[in-house]
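The values are calculated or read from the model by the stated rules, or taken from the named source; none is laboratory data. The shown structure was predicted, so the numbers you read here are calculated from the model rather than taken from an experiment. Here the Cβ is made from the backbone with ideal geometry for all residues, glycine too, and neighbour counts use every protein chain on show. The protein model used for the area step is the full one, side chains on, heavy atoms only, and it has no ligands, DNA or RNA in it. Shrake-Rupley method; radii C 1.70, N 1.55, O 1.52, S 1.80 Å.
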Amino acid sequence: MYENDEIKIFDKYQFDFKNSFLIAQVFKQQNNNLQKISSFKFYWFDPNEIKSIIQKVGFKIEMVCGDFDKSFLSQKSSEQIWILKK
């Protein structure tokens with residue numbers, strides 16, 4: 001993530017495919033001292049699961065993109081960007 005002569009900041013991911021989540025951890029290394037800065041959990045959704053949830057709560061899908069540049073969602077997309085309207 002970031003590195004210079006004095007400090008290195010990096011992340012590590014642990015995947016739990018069975019439960020569809022991952023744990024992200026952010027570390028800082030300085031003077032041979034390793035410190036965990038943060039740890040948080042992400043849940044990933046299948047696009048059909050998202051569609052079902054959206055319909056249940058009364059939203060309408062305006063656009064689904066594969067990145068913040070509004071490119072088409074595909075298997076190679078790095079993101080899922082859902083633009084909704086109530």
- Message: Which pairs turn up if I take residues in segment 44-59 that are in contact (Cβ under 8 Å) with a residue 24 or more places away in the chain and look for partners that are open to solvent by 90 Å² or more (accessible area, probe 1.4 Å) with beta carbon separation below 6 Å, at least 6 apart in sequence or on another chain?
- Response: 59/86
- Message: Can you tell me which of (1) modelled with pLDDT under 90; (2) open to solvent by 80 Å² or more (accessible area, probe 1.4 Å); (3) at positive phi is the one residue 75 doesn't meet?
- Response: (3)
- Query: Mind checking which residues of segment 37-75 are in contact with a Lys or Arg (Cβ under 8 Å, 6 or more places away or on another chain), in a strand (DSSP E or B) and not hydrophobic (A, V, I, L, M, F, W, C)?
  - Reply: 60, 62
- Query: Taking segment 1-54, which residues are more than 15 Å from the chain's Cα centre (by Cα), open to solvent by less than 60 Å² (accessible area, probe 1.4 Å), more than 20 Å from residue 81 (Cα to Cα) and of a type in the set (A, V, I, L, M, F, W, C)?
  - Reply: 7, 9, 10, 27
